[in-house]
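Here is the structure we will look at.
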Amino acid sequence: MLLIPCPNCGPRDETEFHYGGQAHVPYPKDPAALNDREWAELLFYRDNPKGAFAERWVHSTGCRQWFNMLRDTVSYDIQAVYPTGAPRPDSATTTSASPEGAVQ
Amino acid sequence: MAETATSHTSARNHAEKDLAVRTSPASHLLEAFAAGSLAGTVELAELPYLTLLGVRAAAGTETADRLASVTGGLPAASGEIRGSGETSVLWLGPAEFLVVAPAEAHESLGGALIQALQSALADGEGQVVDLSANRTTFELTGPRARAVLEKGCSLDLHPREFKAGTAFSTMIGNIPAILWKTGEESFRVLPRASFADFLGRWLLDAMREYASAEVP
């Protein structure tokens with residue numbers, strides 16, 4: 001269970017939140033100009049990094065507000081919580097530790 | 001004049017008829033609540049028909065100030081409650097509030113709170129919506145009330161963290177509800193009407209170990 005620090009409500013259980021996928025996916029300035037491949041990539045193609053990942057979350061049973069969170073996908077360490085629209089902060093550790101027991 | 005008086009009387013008669021047939025979301029659990037409560041340990045009851053109004057206005061705007069002057073202030077942060085007299089305003093979000101007032105404040109019983117708020121809102125950016133039927137209110141009291149809630153609520157309910165006179169929107173028994181601490185040993189739980197049966201029975205089950213006879 002993650003303890004997520006909601007910017008409005010403070011730390012709450014993960015069960016109070018919903019995940020909103022990758023953050024900072026810009027909507028194209030002229031969507032009609034995209035070809036099918038580009039459109040499909042905008043809709044369905046997302047990064048899947050090992051390490052720091054900027055993602056969107058909503059505190060659905062609390063303040064019902066969206067926010068962005070920089071989370072390590074390996075250690076689940078929450079590195080930063082920041083408002084939507086703000087630029088992605090620098091991650092403390094971009095190279096995350098290997099999961100315990102992983103073969104180096 | 002005579003016509004207006006007649007229409008007033010008939011409107012009131014209609015209202016009384018409507019009130020006589022209305023049922024609260026947990027009215028069928030009334031006897032179970034009484035049977036499952038133990039005075040001096042933990043007691044559960046439904047407080048039906050409280051007037052609930054959803055208010056939305058961005059903090060710092062003139063609209064918010066006008067609404068605040070009617071309600072007796074708007075809370076500024078999570079957990080805070082503002083209000084005056086029997087009207088309380090709970091914080092639900094940065095620009096979203098829940099006004100809780102006695103049943104008599106509702107327009108069907110001659111109250112004027114909704115109209116007062118709507119005229120304060122005027123054409124400002126925001127919302128005043130009657131949500132009285134959206135939720136019901138449970139009152140859980142007694143020295144064991146906190147222990148009962150702790151079985152299904154992940155907030156820190158210890159008095160050093162959770163003070164009387166604060167309210168949080170959270171999960172209780174895996175369903176979303178508003179938890180309002182009204183006194184040191186009294187809580188109000190506001191689930192949505194469709195969850196009232198579930199949460200009422202869940203609370204009864206959680207109370208059972210405290211409110212049943214001691215096994216010799």
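For the stretch B:59-216, what's the relative contact order in percent, using C-alpha pairs closer than 8 Å and at least 6 residues apart?
Answer for the stretch B:59-216 is 17 percent.
Its alpha carbons give the stretch B:50-133 an Rg and a Dmax of 11.4, 33 Å. What is the interface area between chains A and B, defined as buried accessible area summed over both chains with a 1.4 Å probe, reported in Å² to the nearest 100? Buried area between the two chains comes out at roughly 1000 Å². The solvent-accessible area of A:TYR19, taken with every protein chain present and a 1.4 Å probe, is close to 110 Å². Peptide packing: for B:89-101, B:44-56, the average count of neighbouring Cβ atoms within 10 Å per residue gives the ranking B:89-101, B:44-56, highest mean first. The figure for B:ARG188 is an accessible area of roughly 50 square angstrom, using a 1.4 Å probe on the protein chains alone. When peptides A:62-71, B:118-127 are sorted by average Cβ neighbour count within 10 Å, with the highest value leading, the order is A:62-71, B:118-127.
For B:LEU90, the residues whose modelled amide H falls within less than 5 Å of its own, excluding neighbours fewer than 5 places apart on the same chain, are B:LEU98, B:VAL99, B:VAL100. Peptide A:61-68 has a mean of 4 when you count, residue by residue, the C-beta atoms of other protein chains within 10 Å of its C-beta.
With both labels modelled 7 Å from their Cα along Cα-to-Cβ, the B:SER186 to B:GLU107 distance reads 3.1 nm. Would you work out if the stretch B:1-122 is rounded, prolate or oblate? Take a ≥ b ≥ c from the square roots of the eigenvalues of the alpha-carbon gyration tensor; rounded if a/c is under 1.5, else prolate when a/b is larger than b/c, oblate otherwise. In terms of gyration-tensor shape, oblate.
Using a ≥ b ≥ c from the Cα gyration tensor of the protein assembly as shown (square roots of the eigenvalues), is it rounded, prolate or oblate, where a/c under 1.5 gives rounded and otherwise the larger of a/b and b/c decides, a/b for prolate? Oblate is the answer for the protein assembly as shown, as a/c is 1.5 or above yet b/c matches or exceeds a/b.
Heavy-atom surface analysis with a 1.4 Å probe gives the stretch B:50-133 a carbon and sulfur content of 51 percent of its accessible area.
In the full protein context, chain B carries 51 Å² of accessible surface per residue, based on a 1.4 Å probe and ignoring ligands, DNA and RNA. For chain A, the per residue solvent-accessible surface stands at 65 Å², with DNA, RNA and ligands left out and a 1.4 Å probe. For the peptide B:91-98, the mean number of other protein chain Cβ atoms found within 10 angstrom of a residue's Cβ is 3. Apply the a/c threshold of 1.5 to the C-alpha gyration tensor of chain B and tell me whether it is rounded, prolate or oblate. Oblate, since a/c reaches 1.5 and b/c is not below a/b.
Most tightly packed first, judged by the mean number of other beta-carbon atoms within 10 Å of their residues, the peptides B:165-176, B:67-78 read B:165-176, B:67-78. Evaluate the relative contact order of the stretch A:12-72 (contact order divided by residue number), counting alpha-carbon pairs under 8 angstrom at least 6 apart; express in whole percent. Here the relative contact order equals 42 percent. Comparing the full protein assembly with the isolated chain (1.4 Å probe, heavy atoms, ligands and nucleic acids excluded), the residues of the stretch B:127-157 losing at least 10 square angstrom of accessible area are B:SER154, B:LEU155.
Leaving out same-chain residues fewer than 8 places away, which lysines sit with a Cα under 28 Å from that of B:LYS181? Once the sequence-local lysines are set aside, what remains near B:LYS181 is B:LYS151, B:LYS163.
Can you tell me the relative contact order of the stretch B:50-133? Whole percent, Cα pairs under 8 Å, sequence separation 6 or more.
This gives 39 percent for the stretch B:50-133.
The values are calculated or read from the model by the stated rules, or taken from the named source; none is laboratory data. All values reported here derive from a predicted model rather than from experimental measurement. Backbone-built Cβ (ideal geometry, glycine too); neighbour counts: all protein chains shown. In case anyone asks, the SASA skips ligands and DNA or RNA and just uses the protein heavy atoms, side chains included. Shrake-Rupley method; radii C 1.70, N 1.55, O 1.52, S 1.80 Å.
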